[in-house]
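Written below as structure tokens is the structure these notes are about.
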Amino acid sequence: PPNRGRAFEPESPESLVAAIRPLVEHPEERRRLGAAARRWVVEERSWSANAARYLDLYGSIVDGMELS
């Protein structure tokens, strides 16, 4: 998947610092990640994208049911 953020170990301040420091030191990378994350949210987490997923899901459930 595309790189849209940074991961760090939960409850580890050292891991958080290691994930954030490069973004503080390289604002262009911070902007790139922010733009990539926003693009993903707009494309994948919109009402129309969610509705399409649910329509597909519910359609497959109904297609799999035996109707009397």
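Restricting region 21-68 to residues that are of a type in the set (D, E) and loosely packed, with under 12 Cβ neighbours inside 10 Å, which is farthest from R4 (Cα to Cα)?
Ranking the qualifying residues of region 21-68, first place goes to E66.
Among (1) in a helix (DSSP H, G or I); (2) under 16 Å from the mean Cα position of the chain (by Cα), where does A7 come up short?
Every listed condition holds for A7 apart from (1).
Restricting attention to region 1-20, which residues are loosely packed, with under 11 Cβ neighbours inside 10 Å and of a type outside the set (A, V, I, L, M)?
P1, P2, N3, P10, E11, P13, E14
Rule-based calculations on the coordinates, nothing more; no lab input. If you're wondering where the values come from, they're calculated on a predicted model, not measured in any experiment. Using ideal geometry, Cβ is built from the backbone for each residue, glycine included, and neighbour counts are taken over all protein chains shown.
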